[in-house]
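Notes follow once the structure below has been shown.
Read-outs: derived from the displayed coordinates by stated rules, not from any lab. Since the structure is predicted, the reported quantities are computational estimates derived from the model, not experimental observations. Cβ: placed from backbone, ideal geometry, glycine included. Neighbour counts: every protein chain shown.
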Amino acid sequence: MAMSTVIPFRRPPAPATPARAGCDVAAVAGDLLDVLDRLEGLVARAAVMDRPRIEVERSVQHLLDAISAVERASDTLGEGSSISEPA
């Protein structure tokens, strides 16, 4: 059998992670609130960037859109299982 100097690249298998105990709606909702806080801080920082005005406005708008998306995700958590699944 011929030898080769080529070594196939393979990522090591991901370590098995046990399911997080107690990972529930409240934990996710808390994480979403943390994300909202960070995004709001980013909006304030982006608004005073020393960049062209249009770039600042677009950056701030995208961050505000992200805040809206996180708020919608948070609202969805509060809805529970109100959406019926097909039988």
(message) Sorting check: for 46-52, 58-64, 31-37, which peptide has the highest mean count of neighbouring beta carbons within 10 Å, and how do the rest follow?
(response) 58-64, 31-37, 46-52
(request) Subtracting the Cα-Cα distance from 0.36 nm times the residue separation, let me have the gained length for residue 35 to residue 65 in nm, one decimal. (result) 9.5 nm
